[in-house]
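K.L.:
This is the structure, below, for whatever I ask next.
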Amino acid sequence: MNTAPQLRYFAELKVKVDPPQEIGHAQHGQRRVIPIIGGTVQGDGWRGKVLPGGADYQLILTPRMADLDAHYVLEMASGELIYVHNRAIRVAEPEITERLIKGEPVDPAEIYFRCCPTFETDAPSMRWITERLFIGTGIRRPDLVEMNFYEVL
């Protein structure tokens with residue numbers, strides 16, 4: 001009998017964001033682009049920063065659910081780079097979703113925010129992360145996204 005996978009803490013990210021670029025209601029839902037302007041990452045035995053220039057491409061699918069697709073780069077303290085592609089869903093009651101869209105603070109306990117980051121890197125010390133699965137949790141603040149990533153063992 002197989003046992004359920006375990007999780008091991010990998011990193012905490014604090015991703016700074018600019019106000020959304022509101023594309024509007026397109027054929028698939030309400031499209032938004034959230035520019036990523038910086039931030040920090042702290043892992044077990046390593047740290048770095050989130051480089052400006054990435055973005056979170058959001059699609060508000062229903063009054064309750066958003067599909068998030070973020071692309072950005074981490075720079076480790078050593079100068080080595082990690083490309084991150086982070087897919088997520090965020091679910092909340094319609095009035096909470098509206099407050100998030102308006103950039104208002106909300107209680108993180110009222111939101112289901114889960115993600116599946118993947119990584120690409122040539123950094124010898126971190127190449128192993130390209131061969132593992134990760135999941136994460138997130139909290140959306142008005143100008144910041146806080147996430148914790150976990151390796152699936």
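The values are calculated or read from the model by the stated rules, or taken from the named source; none is laboratory data. Since this is a predicted model, take the numbers as computed values, not measurements. For neighbour counting, all protein chains shown are included, and Cβ atoms are generated from backbone atoms with ideal geometry for every residue, glycine included. Remember, those area values only see protein heavy atoms, side chains included, never the ligands or the DNA or RNA. Shrake-Rupley method; radii C 1.70, N 1.55, O 1.52, S 1.80 Å.
K.L.:
With respect to T137, determine if the residue is farther than 13 Å from A88 by Cα, of a type in the set (S, T, N, Q) and out of contact with any Cys (no Cβ under 7 Å at 6 or more places or on another chain). Please lay out each step first, then the result.
P.N.:
Numbers: farther than 13 Å from A88 by Cα: no; of a type in the set (S, T, N, Q): yes; out of contact with any Cys (no Cβ under 7 Å at 6 or more places or on another chain): yes.
Taking the combined requirement at face value, the residue does not satisfy it.
K.L.:
Within region 93-131, work out how many residues are aromatic (F, W, Y) and touching a Lys or Arg at 6+ places or on another chain (Cβ under 6 Å). Walk me through it before giving the result.
P.N.:
Our first condition is that a residue be aromatic (F, W, Y); within region 93-131, this holds for 112-113, 119, 128.
Pick out the ones that are also touching a Lys or Arg at 6+ places or on another chain (Cβ under 6 Å) and you get 113.
Final tally of qualifying residues: 1.
K.L.:
Right, next: Can you name the residue in region 15-37 that is open to solvent by less than 80 Å² (accessible area, probe 1.4 Å) and within 13 Å of the chain's Cα centre (by Cα) and, of all such residues, is farthest from Y57 (Cα to Cα)?
P.N.:
Step by step, filter region 15-37, then rank; the result is V15.
K.L.:
Of all residues being touching a strand residue (DSSP E or B) at 6+ places or on another chain (Cβ under 7 Å), modelled with pLDDT under 95 and not in a strand (DSSP E or B) in region 38-67, which is farthest from A92 (Cα to Cα)? Just the residue, please.
P.N.:
Within region 38-67, the match that is farthest from A92 (Cα to Cα) is D44.
K.L.:
Say we look at region 83-119 and pick out the residues that are assigned to a strand (DSSP E or B) and of a type in the set (S, T, N, Q); which of these is most open to solvent (accessible area, probe 1.4 Å)? Before you say what the answer is, go through the steps one by one.
P.N.:
At the first step, the residues of region 83-119 found to be assigned to a strand (DSSP E or B) are 83-92, 111-119.
Cutting the leftovers down to of a type in the set (S, T, N, Q) gives us 86, 118.
Values: N86: 7, T118: 77 Å².
Per the stated criteria, the residue is T118.
K.L.:
Out of all the residues in region 38-56, which are open to solvent by less than 30 Å² (accessible area, probe 1.4 Å) and either touching a Ser or Thr at 6+ places or on another chain (Cβ under 6 Å) or acidic (D, E) (or both)?
P.N.:
Result: D56, single match.
K.L.:
Taking the criterion of being open to solvent by 90 Å² or more (accessible area, probe 1.4 Å), at pLDDT 95 or above and not aliphatic (A, V, I, L, M), would at least one residue in region 134-143 satisfy it?
P.N.:
No, there is no match, as no residue in region 134-143 is open to solvent by 90 Å² or more (accessible area, probe 1.4 Å), at pLDDT 95 or above and not aliphatic (A, V, I, L, M).
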